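Remarks on the structure that follows.
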Amino acid sequence: ADIPVIPDLEDVQEEDLAMQVAAPPSVQVNRVLTYHDLDKDLMKYAAFQTLDGEIDLKLLTKVLAPEHELREDDVSWDWDHLFTEVSSELATEWDLGQSERED
């Protein structure tokens, strides 16, 4: 008795869907940890010393560089200067290769 029926296109066009708005998704935002927080947690908790309970990360954590050693100043590049520098280095290498072949 309850047989699903495909609606006619005319019936669907009669509905005004333009004014219906879907509810926005709800996303839970967690606080993003800083490098400093991660460094403190890494050394404090032994849970970070292994990965998946099988892979030992102790050797890796001993040789990790601190954040202040990894920071670099931003240097702007000038296209003409960079192109000239790379071209001259390539020409020098090519000249050295030619002189070694002659010897």
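Of note:
- For beta carbons closer than 6 Å, sequence separation of 6+ or different chains, a first residue in region 26-37 that is hydroxyl-bearing (S, T, Y) and a second that is outside any loop (DSSP other than H, G, I, E, B) and surrounded by 10 or more Cβ atoms within 10 Å (Cβ to Cβ), the qualifying pairs are Y35/E67.
Okay, residues lined up against (1) touching a residue at least 24 places away in the same chain (Cβ under 8 Å); (2) within 30 Å of T34 (Cβ to Cβ); (3) among the basic types (K, R); (4) exposed (fewer than 10 other Cβ atoms within 10 Å of the Cβ):
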| position | (1), (2), (3), (4) |
| --- | --- |
| H68 | no, yes, no, yes |
| R71 | no, yes, yes, yes |
| S76 | no, yes, no, yes |
| W79 | no, no, no, yes |
| E89 | no, no, no, no |
| D95 | no, no, no, no |
| R101 | no, no, yes, yes |
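- Breaking point among (1) hydroxyl-bearing (S, T, Y); (2) at pLDDT 85 or above; (3) open to solvent by 100 Å² or more (accessible area, probe 1.4 Å), for S26: (2)
The values are calculated or read from the model by the stated rules, or taken from the named source; none is laboratory data. In this text, all values refer to a predicted model and were calculated from it rather than measured experimentally. Reconstructed Cβ throughout: ideal geometry from the backbone, glycine too, with neighbour counts over all protein chains shown. Note: accessible area is taken over every heavy atom of the protein model, side chains too, but ligands, DNA and RNA are not part of it. Shrake-Rupley method; radii C 1.70, N 1.55, O 1.52, S 1.80 Å.
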